[in-house]
Amino acid sequence: MTSLHDRILRALDAASDTGDVLRAVGDALRASTPLPPRARAFVREVPDATLAAATRALTDALATAARGASIDPTAVDAAVLARDHAESARVALARAAIARARPPGAFDPDGSLDRALDALDEVLRERCDRARVEAALVERVSLRDVDAWLDTFADASRAVDLTHAEAPDVAPPDGVIDAWLREGRHRRWVEGYAARDRGFADELRAIVDAHEPDDGAVNLTPYAWRRSQRDATHVVVLKGARPRLRVAAATEPVEVEARTVTLSSVGAKGLGARLTCTPTRATLTLYAEPGDVTALVFGRARVEAPADANRWVAETPITDEAIPLEVVFADGERFAMKLSLPAEASP
């Protein structure tokens, strides 16, 4: 029997339409299947206009699925699959946005895709329970983030409407917490429940403390929440961001290696940033709309004017101490945390 992993790889190889590629890339990310070079290049290089158009087409397809399921009981299973395919496409769109140092929802700026997903979920909840949804998904039920929307479906014996937008008063399932950790989604649900339930907040602090961010792309949402808790000294450790200092022979030129990490979810506006590190210095580039930010503090540097219309740049030496990062927004918000950039261990 062909495994889900193998089917995903075949789909990645065969996909040509942008929507199909997005779904296949999202499936791979949700299944922890390594992306082949062609798919990685797609995430980095596909034009923004193409992704925006694909987002609009996906939104329209969800609306069509919702209309069909609302009037035709035989269309429900197909609508369930369309809903989960859209979840994968959304994961791929978020990865593409992060690769461009933009917030995960950059290609859905007015929230139309999220609203279309919520509308389809509402139609499906009226027509089936969780067991039917799981049966329709078949092996896709094992993909990451399925619980993030499956848990909004009630058992047949109890009708409960748990939409994400309403921040339900139940403990977020693992899929929701994972989406919050990696992509900054479901903040109202996860952080709202933590504010009401001390036991859950304690568990969430332990989860954040144990979480190791993905190499190359770091969502700051959980760390900002963690720093707001009782332990205000929490530091985000970015292992691998700072290259090891390589000592060349006296007769050889010294090559200075640099590494770049993409940061997302900076502040309530969800700004993107890039952190570029050499063995001794770190440069932070923050991307913001004109007028949104009034100051950027990074280590020893304080910047009170952008480098150009959309970029704020600050550079600081790297020491053994954690580096303070603070963004002051025009609306009064202050986003603050500390970053630790340990040197790469010798091989």
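When peptides 236-244, 24-32, 129-137 are sorted by average Cβ neighbour count within 10 Å, with the highest value leading, the order is 24-32, 236-244, 129-137.
From helices alone, the chain scores -13500 deg cm²/dmol at 222 nm; the rule is -39500 (n - 2.57) for each run of n ≥ 4 DSSP H residues, then divide by the residue total. Placing a pseudo-label 7 Å from each Cα along the Cα-to-Cβ vector at residue 309 and residue 127 gives an inter-label distance of 4.6 nm. Segment residue 134..residue 32, full-extension length gain: 34.7 nm, with 0.36 nm per residue of separation and the alpha-carbon distance subtracted. Compared with the dominant Cα axis of the chain, that is its longest principal axis, helix 18-30 is turned about 70°.
Between residue 200 and residue 330, the simple label model (points 7 Å from Cα in the Cβ direction) yields a spacing of 3.6 nm. Name the residue, out of 21, 235, 170, whose mean-square fluctuation peaks in a Gaussian network model built on the chain with Cα pairs under 10 Å. Looking only at 21, 235, 170, the biggest GNM fluctuation is shown by 170. Counting only Cβ charges, +1 for Lys and Arg and -1 for Asp and Glu, the dipole size of the chain around its Cα centre is about 760 debye.
Between beta-carbons, use under 15 Å as the cut-off and find the net charge around residue 314, counting Lys and Arg +1, Asp and Glu -1. Each step should come with its number before you reach the end.
Numbers: positive: 274, 281, 300, 302, 311, 338; negative: 304, 308, 315, 326.
Residues close to residue 314 contribute a combined charge of +2.
Summing Lys and Arg as +1 and Asp and Glu as -1 over all other residues whose Cβ lies under 11 Å from the Cβ of residue 341 gives a net charge of +2. Fully extending the segment from residue 229 to residue 174 would add 17.7 nm, taking 0.36 nm per residue of separation and subtracting the current Cα-Cα distance.
Quick note: the coordinates plus some simple rules give every number you see, no bench work behind them. Because the structure is a prediction, the values reported are computed rather than measured. Please note: Cβ atoms are built from the backbone with ideal geometry, for glycine as well, and neighbour counts cover all protein chains shown.
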